[in-house]
Structures are given as structure tokens and as C-alpha cells.
Amino acid sequence: MRRVLKAAAVILLAIVIGAAAGPATARQRHQIDATPFAHSPCSVLDNKPCTPTVCSPLNHGPCIPEIYYPLGEDLRLTVESHPSEQDAPKYAKPDHPLDTIGDLYAALRSCWAAPDPGVARAGMEMSVRFSIKRDGELVGPPRLTYATPAAPAETRDVYRHAIDDALARCVPLALSKGLGGAIAGRPLMVRFVDNRELNSDSAAPPDRP
């Protein structure tokens, strides 16, 4: 009988200690960095999402819904050499630290200067992919992902140099702390389109099938 009572006392003590430590352990286990995208990436080995996508009063600590981009994890931007009157305000450089994706896009658009019409090509398109650090610097040199197939090598070089010059004018980007933490390391795809109406002397003939 004494052994049974002793065993019961040990079990009861274990339950009390577990109940006291449980909430603290749960809070530590579910602790989330409130900065967007500051959490570790999710893995197929995780039994739960790294960051909850649905807030609940049962969660310990802040609940941050994950942000899904329309096209995978890339941030995608198109920059035109001659924006429409409606889009012109989107090409004005912000006069404050960049705090939103819209601010970032406007800053990148404002840095673009299309090649001189004498060496430009009507309808030319070129895309580059790169990532940005928290301090607004580039992670590495931009990688060319697309160029108009029929464009001569000389024309491609002209536009590639123009893109490099535009990024050199932009960086370091004046990112806010929040935006820097949100986009650091995220792939950024920028597509440059020369939609100007160039003179026949400077515009290349249309591509033939």
C-alpha cells in the first residue's frame, strides 16, 4: 500500500511540474519573429508551418499570416522606356525611405534610362534576375534571363549596359528596416521593355518567322 501511495505521489508531482512547464515550453516553441519573412523557410520535414497562416486565439505569441506572391516567390516588375500618362507617377523616385514593394518598384523604375535612339531597337525586351540585401546592396551581379531572340549581339550589349548603369544608379536602395527584412534574399525579376516609337533609321525591322 505504501508503495502504491508513493508511486501515485510521484505521478501526481510529475503532472504538476509538466502542467507548470507546459505553457512556458509552448511559448518558447511557438515564438515567432514579428518581422515579415524573418522566420526560417519551411521544410517538408516540418510537422507544422514555420509561420502560421491563420491567426488563432489559441496561439502563444504574435500570429503572422504568410504572404503569397502571385507568381511563386519571385518579385516581378516590368519597366517601360515610355510609360503611359496613367503610369507616369509610378516612375517617380520616392522622397522617403522605401517601406513598401510599391516604393521599391518606383525606385527601380526611376533609375532606368533607355539607350539612345540611334543604337536602340524598337520592341526590345531584356530581363534580369537578382536579389537585394537588407542594406539595399545587390547580393551579386544581375543574371540575364531573357533577351529578344532576334536582336543582334551589339544591341543586347547596349541594353545590358543600360541595365547595369540603372542598377548602379539605384543601389544602395534606401530600404526601411521592415522592408529590408522582408525582401532580403528574395529573387527579383525585372523586365525592361523598349516601347518607344523610334525613327525608321534607328528602329530595327520587324522579326520574320
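The values are calculated or read from the model by the stated rules, or taken from the named source; none is laboratory data. Because the structure is a prediction, the values reported are computed rather than measured. Virtual Cβ from ideal backbone geometry, glycine too; neighbours counted across all protein chains shown.
Descriptive notes on the structure:
A quick yes/no check of all residues on (1) in contact with a Leu (Cβ under 7 Å, 6 or more places away or on another chain); (2) closer than 22 Å to LYS133 by Cβ:
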position	(1), (2)
PRO152	no, no
VAL158	no, no
ALA162	no, no
ALA166	no, yes
ALA174	yes, yes
GLY180	no, yes
ALA184	no, yes
ARG196	no, no
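- Every residue from region 126-151 that is of a type outside the set (Lys, Arg) and farther than 16 Å from VAL193 by Cα: PHE130, SER131, ILE132, ASP135, GLY136, GLU137, LEU138, VAL139, GLY140, PRO141, PRO142
- Residue that is farthest from the chain's Cα centre (by Cα) [pool: residues in region 107-130 that are among the aliphatic types (A, V, I, L, M) and either modelled with pLDDT under 95 or part of a loop (DSSP other than H, G, I, E, B) (or both)]: VAL119
- Any chance LEU188 is in contact (Cβ under 8 Å) with a residue 40 or more places away in the chain and touching a Leu at 6+ places or on another chain (Cβ under 6 Å): yes
- Residue satisfying condition, being closer than 17 Å to VAL79 by Cβ and under 14 Å from the mean Cα position of the chain (by Cα), within set LEU144, LEU175, LEU179, LEU98: LEU98
- Residue within region 46-55 that is charged (D, E, K, R), at pLDDT 90 or above and part of a loop (DSSP other than H, G, I, E, B) present: no
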